[in-house]
Amino acid sequence: MAAQAVALPALADLDSLDAFRDKLIDVIETGDATVDGSAVERVATNALLMLLSAAETAHRNKNEFVVVNTSEPMQSAIERLGLLPQFEPLMKG
């Protein structure tokens, strides 16, 4: 089965995380997941940590979890927070 895609919002902050988290849970529960970060203009630390947690859950369930098209602001936040080693295995494209 092909991975289902879910896109991060432009402002991936505390106000938008609930709706995104709910979509992501639905995707992870049904199989492989692809998260598109191309629209991200600003991202909260909590959003990045949630992605890492989701990836761990997906892998525990033997599903693939990838992050594609990370925007420059998202990539910068990952690097600034020292999370690149955790994200590198997840990032494609």
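The values are calculated or read from the model by the stated rules, or taken from the named source; none is laboratory data. What you see is a predicted model; the values in this text were computed from it and never measured. Positions of Cβ are generated from backbone atoms using ideal geometry, with glycine treated the same way; all protein chains shown enter the neighbour counts. All accessible areas refer to the heavy atoms of the entire protein, side chains included, with ligands and DNA or RNA removed. Shrake-Rupley method; radii C 1.70, N 1.55, O 1.52, S 1.80 Å.
Tabulated data
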quantity	calculated
Any pair with Cβ under 6 angstrom, 6 or more apart, that starts in the stretch 40-53 at a residue that is under 17 Å from residue 10 (Cβ atoms) and ends at one that is open to solvent by 20 Å² or more (accessible area, probe 1.4 Å) and assigned to a strand (DSSP E or B)	42/11
Out of 89, 85, sole residue that is within 13 Å of the chain's Cα centre (by Cα) and without any contact (Cβ under 8 Å) to a residue 12 or more places away in the chain	89
Tally of residues being more than 14 Å from residue 41 (Cα to Cα), within 14 Å of the chain's Cα centre (by Cα) and in contact (Cβ under 8 Å) with a residue 12 or more places away in the chain across the stretch 1-24	9
Condition check for residue 46: touching a helix residue (DSSP H, G or I) at 6+ places or on another chain (Cβ under 8 Å) and not β-branched (Val, Ile, Thr)	yes
